[in-house]
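**Q** Here it is: the structure, laid out below.
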């Protein structure tokens with residue numbers, strides 16, 4: 001009887017704690033089981049570009065050497081990252097890396113449009129720019 005109660009508490013308690021974030025870790029790869037208890041993921045569209053001295057946006061010609069899953073000037077939706085902070089961090093580092101290695105006459109940027117965002121305090125669009133001359 002005690003074993004049954006412990007098993008029941010674990011079957012109900014663990015997904016409950018995962019859903020409301022009271023566990024110190026997050027399981028992020030396969031949340032197919034217990035779908036009603038899984039956390040919703042952030043979906044977004046991203047566009048990488050560079051701006052010339054007039055402020056016109058244009059494609060980054062050799063963006064494939066920096067990231068294999070993205071083609072410049074096209075948006076894509078992804079749901080791998082769990083929080084907007086993770087997404088912003090990844091693309092901030094990517095834009096800084098591109099700006100360090102590309103033409104210093106251009107300003108490189110990323111624009112992210114949140115398709116589904118569960119924090120009402122976040123704006124619907126986020127942009128970041130970097131160039132080699134800023135550093």
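Just so it is clear, none of the values below were taken in a lab; they were calculated from the coordinates. Quantities reported herein were computed from a predicted structural model and do not represent experimental measurements. When we count neighbours, we look across all protein chains shown, and the Cβ atoms used for this are built from the backbone with ideal geometry, even at glycine.
**Q** Using Cβ contacts closer than 10 Å as the measure, can you line up 67, 116 from fewest to most?
**A** On the way: 67 15, 116 11.
The fewest-first ordering by Cβ neighbours comes to 116, 67.
**Q** Taking the beta-carbon count within 10 Å as an exposure proxy, list 9, 2 from fewest neighbours to most. Intermediate results must be reported in sequence, preceding the final value.
**A** Details: 9 10, 2 6.
Ascending number of Cβ neighbours within 10 Å: 2, 9.
**Q** Multiply the residue gap between residue 129 and residue 62 by 0.36 nm, knock off their C-alpha separation, and tell me the result in nm, one decimal place. Walk me through the numbers before you get to the answer.
**A** Working: separation 67, 0.36 × 67 = 24.12 nm, distance 1.77 nm.
Stretched fully, the residue 129-residue 62 segment lengthens by 22.3 nm.
**Q** Compare the peptides 52-64, 89-101 by average per-residue count of other Cβ atoms within 10 angstrom and give them in order, highest first. Present the calculation step by step, with values, prior to reporting the outcome.
**A** Details: 52-64: 12.0, 89-101: 16.8.
Those peptides, ordered most packed to least, come out 89-101, 52-64.
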